[in-house]
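Presented below is the structure to which this report refers.
Bear in mind that the values in this text are calculations on the coordinates, not laboratory data. Note that this is a predicted model, so its numbers are computed, not measured. For neighbour counting, all protein chains shown are included, and Cβ atoms are generated from backbone atoms with ideal geometry for every residue, glycine included.
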Amino acid sequence: MYAIVDIAGQQLKVEENQKIFVNRLEGKEGDKVDFDKVLLVDNDGKIQVGSPTVANTIVSATILSHMRGNTVKVFKKKRRKGYQKLNGHRQHLTQLQIESIGDGTIVKPVRKAVEPKKVVATETVKEAEPKAVKSAVSKKTSAAKTSKTIAAAKKPAASKSVKAAADKKKAEPKTEKKTTKPTKGKSKA
């Protein structure tokens with residue numbers, strides 16, 4: 001009897017009492033782990049294929065140890081450039097022992113309907129006072145803004161000499177400078 005199970009993003013073929021290595025799982029050594037993403041079960045020639053998983057089938061396993069895998073060497077080189085780089089990598093793994101493959105009832109927790117909380121609206125005197133203060137402050141600031149605009153309108157006009165100088169600059173024609181471009185080649189002498 002064997003099954004194909006999705007464990008931590010990998011699809012593995014497992015049998016009972018088999019030891020396998022998978023990507024690091026949460027849990028302590030000795031903890032029991034159940035996997036419900038069983039894709040296929042073969043029971044002595046009786047094959048059940050899930051769509052996408054086989055219903056009510058669980059693979060139970062025990063965590064034996066957490067470890068790191070063998071070193072994988074990563075070597076990069078660009079020929080004739082003098083570039084070469086050597087790195088190593090060790091994958092974090094968990095060793096599992098498959099205890100059983102078989103039918104199990106998957107019990108999903110039932111969610112209770114949550115009642116919405118009742119909101120009681122109460123306005124106290126302390127909350128009302130800042131609103132009145134804010135409105136009084138806004139009235140004062142708007143009055144100050146209007147007085148500034150009136151004062152700006154009452155300012156005397158600029159002196160006549162300044163205006164005359166500005167008009168003179170506008171009336172003067174702009175003179176353009178002629179530039180000569182150097183000629184290429186030999187000059188006639």
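So if we plug the beta-carbon distance of residue 86 and residue 25 into 1/(1 + (r/R0)^6) with R0 = 22 Å, what FRET efficiency do we get, rounded to 0.05? Walk me through the numbers before you get to the answer.
On the way: r = 31 Å, r/R0 = 1.39.
Efficiency computed from Cβ-Cβ geometry: 0.10.
Provide the packing ranking of 91-100, 69-78, i.e. peptides ordered by the mean count of other C-beta atoms within 10 Å per residue, highest first.
Working: 91-100: 16.7, 69-78: 9.7.
Result, highest mean Cβ count within 10 Å first: 91-100, 69-78.
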Exercise. Just subtract the alpha-carbon distance of residue 77 and residue 64 from 0.36 nm times their residue separation and send over the number in nm, one decimal.
Key: 0.7 nm
Exercise. For region 1-71, calculate the relative contact order in percent as a whole number, restricting contacts to Cα pairs under 8 Å that are 6 or more residues apart.
Key: 33 percent
Exercise. Consider a paramagnetic label point 7 Å from the Cα of residue 97 along Cα→Cβ; state which residues of region 23-51 have an amide N under 20 Å from it.
Key: 23-35
